[in-house]
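Here, each number is a calculation from the coordinates, and none is a lab measurement. Keep in mind the model is a prediction, meaning the values are calculated, not measured. A quick note on method: Cβ atoms are made from the backbone with ideal geometry, for glycine too, and the neighbour counts reach across all protein chains shown.
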Amino acid sequence: MKKLEINLTFAILFMGYEVHIIRKKDYEDYDEESNITHEEFIALVERRPELSWEAVGNDEDNSKREYCYWNSYPALENNNPPWLHYFHGEINTKCTEDDCLKLWLELANEMGGQLRGDDGEQYDEAELERLKERRKEQSIPNIIINKKPFWKFW
């Protein structure tokens, strides 16, 4: 549990960190065949009113539908909604705010999958609640917004 706290805190503050909706028994086994299909991802987004597709050009066969957005996100700022990306049987995102993790876990459960972090850690409702309390105790911001231009690191 301590490893998760340190990894997530560090990743949120300093670098990219992804969570993944997967449907596998062994997270490390990339050859396992019980992955989420692109058609399942499309069906998930279509039945969830809070999710919408990225605008794409001619997409008659839905092959370009890889990104979707949570446009009704409660803390929507700067018109940048949280996103999900389908790639090789997984649904990925870098959006790790508390509300996002809660929705991502709901979607994972709906698909019969799991919500996992980059290091293979598994998220469940108890873990999300514990993480939320830990953020409160340590005054870790729920949303990190960098007000400086990307080239200024001081």
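Treat the count of other C-beta atoms within 10 Å as a stand-in for reagent exposure and order 46, 28 from fewest to most. Before the final figure, lay out each step's value.
Working: 46 13, 28 7.
With the fewest neighbours first, 46, 28 line up as 28, 46.
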> Once region 79-136 is represented by equal point scatterers at the alpha-carbon sites, with solvent omitted, what log10 I(q)/I(0) does the Debye formula produce at q = 0.15, 0.17, 0.19, 0.29 Å⁻¹?
Replying inline: -0.44, -0.57, -0.70, -1.44
> Quick one: 72, 52, fewest Cβ neighbours within 10 Å first, how do they rank?
Replying inline: 72, 52
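Order these by the 10 Å Cβ neighbour count, fewest first: 42, 21.
On the way: 42 17, 21 24.
The fewest-first ordering by Cβ neighbours comes to 42, 21.
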> For residue 134 and residue 106 in the same chain, what is the full-extension length gain: residue separation times 0.36 nm, less their Cα-Cα distance, in nm?
Replying inline: 8.0 nm
